1. For the chain, what's the relative contact order in percent, using C-alpha pairs closer than 8 Å and at least 6 residues apart?
2. Within the accessible area of region 233-272, what % is carbon and sulfur when the probe is 1.4 Å and the other protein chains stay in place?
3. Whole-Hz ³J(HN,Hα) for each residue in region 74-87, computed from phi via Karplus 6.51 cos²θ - 1.76 cosθ + 1.60 with θ = phi - 60°, x for glycine and proline: what do you get?
4. Which net charge results when you count Lys and Arg as +1 and Asp and Glu as -1 among the other residues whose beta-carbon is under 13 Å from that of ASN153?
5. Using every alpha carbon pair in region 272-410, what percent of pairs falls into each 5 Å bin from 0 up to the bin containing the largest distance?
6. For VAL178, what residues show an amide H to amide H distance below 5 Å, using hydrogens built from the backbone and excluding near sequence neighbours?
7. Taking the dipole about the Cα centre of the chain, with the C-beta of Lys and Arg at +1 and of Asp and Glu at -1, give me whichever of ILE509, GLN193, SER564 is farthest to the positive side.
8. Around ALA282, under 14 Å between beta carbons, what's the net of Lys plus Arg minus Asp minus Glu among the other residues?
Amino acid sequence: LTQPVTPDLLVSPSSQDGDLGSECPEDRGNWTGRLDFLLSCIGYCVGLGNVWRFPYRAYTNGGGAFLVPYFIMLAICGIPIFFMELSLGQFSSLGPLAVWKISPLFKGVGMGTILIVSLVAIYYNMIIAYVLFYLFASLTSDLPWQHCGNWWNTDLCLDHHVIKAGNSTLPVNISNTVSPSEEYWSRYVLHIQGSSGIGDPGRIRWNLCLCLLLSWTIVYLCILKGVKSSGKVVYFTATFPYLILVMLLIRGVTLEGAWKGIQFYLTPQFDHLLSSKVWIEAALQIFYSLGVGFGGLLTFASYNTFHQNIYRDTFIVTLGNAITSILAGFAIFSVLGYMSQELGVPVNQVAKAGPGLAFVVYPQAMTMLPLSPFWSFLFFFMLLTLGLDSQFAFMETIVTAVTDEFPYYLRPKKASFSAVICIALFLMGLILTTEGGMYWLVLLDDYSAGFGLMVVVITTCLVVTRVYGMKRFCRDIHMMLGFKPGPYFRACWMVLSPATMMALLVYNIVKYQPSEYGNYRFPTWAEVLGILMGVLSCLMIPMGMVVAVLQEEGTLWERVQQASRPAMDWGPSLEENRTGVYVASLAGSQSPKPLMVHMRKYGGITSYENTAIEVDREMEEDDEEESM
């Protein structure tokens, strides 16, 4: 018997020699180890925000009482959307752009995601560059931000050793003074006095520029071979921060006055729970901490095998992330309590969030400890490893999204394409290395992933449940995992998660406040530029709709209907996993029944084949009901 010949038209460009079946997914690559995916997700979710945002948010929003809305929002918004993203990625084995074969009308959502991730990747690597700067500065016997009297210090600089000496006689008024660490950060690292504002960036700080170049080089070398290389690096970058965090925690709680800080962090103020702001803050913390909507989770899941238990992984990662945030709070606030005792001021005067905590307050606290360079190096090394694996995810998302769109041209040249993306983003980030670069970083941080990201996540949720259909989506998960999602997930996907995010979006718009950095208020043109960044990612959705509708035929309504239906080749990427409606719908498909492929391969029927038979039977019954 001669081998049946597939017409050229049916062969996808990504297949080699016309034999599609299993070549394409192998070409795309998979995780090589059992823990690669889980550790990559943990590394991606556990980032800088866990250390510098969560503890501060908790103490300003009711201390221990904040954990109530935090875990409720984790259950309503965090876990369900996290599971939805992983399911979409694993089921289709596609990146954040190509996954919209599920409903081509909404491909603009994927384009919006890529725009947001690109903007975030630019400034996130600048933060890693600052961390590298401090890491190198810690390799000394005396930390450079320990004392006043350097060329960058002003007359307002006041050394904490002087305060300590003064405590025994007269109380020192520190309200009009500046700590050496604050002047080191603003006047030496940033050299912000060389810029009058966002419109006057000043000169490039070459030492920062070299740190940025180094951070992009590290990122590139780690994602050089896609998930095969980054999947191995995360064994270190996702686990090592925990070791350092535990060391910092033990050191922190053994300091004098540590309990004062911990009390401040965790004392519950239940009256705060009546305020809507606290619930919104909890939802925002969950939203950004888990990294939903950035496409990273979807990308990582797309490299899984079809039957990977992502249901279990969802709970491990989301709960692990929450526990890490709480632990980080103890490590931070125990040191802040010690620091407040040393300075003789209340804890709320030393507590800060964001870069202020990482680059001013904590480094200052380090100078008060014996072996201060060692603890400083450990702290910044922890921040480096926390930041890097989040950055891997952003880069992998961009590269995967584009290579899945053009697999024939870009997959063989993935390393070169990754280099082009890294160089382009490095060049765009050069403005952040100038004397006024911090103003640009604040603008990017405030607007790049604000309301645009929420619109992307809300749209994804509504398209999957309303346009694609909840029944169909649950059936896909059944095919993949062997069971259907329970009523908890269905209720969250249908109503609770979109409603909560709508409330977040409305709150963000109503309570909009212009950006500021310290006492500097941004000019109107900068505000408009920031808002445009957010709006542009939202505009991708209608633009994508217009393109999708123009590619169809018929009346406008017919075109919309056709464009909203899943593409012909939507479904599992491997022929053997395609059952029910997905049978023989791949280009070049020659297999009449995927079950036969399984039988040939494994020599029997496994539990997943039983599931496939069940799903087929269920679909036949549904079809009969509809025809009646």
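1. 30 percent
2. The nonpolar share, carbon plus sulfur, comes to 73 percent.
3. Karplus values, whole Hz, x for Gly and Pro: 4, 6, 7, 10, x, 4, x, 6, 4, 5, 4, 4, 4, 5.
4. -3
5. That works out to 2, 7, 12, 16, 16, 14, 12, 9, 6, 4, 2, 1, 0, 0, in percent per bin.
6. When sequence neighbours closer than 5 places are left aside, the close amide H contacts are CYS157, LEU158.
7. Of the candidates, GLN193 comes out farthest on the positive side.
8. Summing Lys/Arg as +1 and Asp/Glu as -1 gives +2.
The values are calculated or read from the model by the stated rules, or taken from the named source; none is laboratory data. This structure is a prediction, so every number in the text was calculated from the model and none was measured. We place every Cβ from the backbone using ideal geometry, glycine too, and count neighbours over all the protein chains shown. Ligands, DNA and RNA are excluded from the accessible area calculation, which covers all protein heavy atoms including side chains. Shrake-Rupley method; radii C 1.70, N 1.55, O 1.52, S 1.80 Å.
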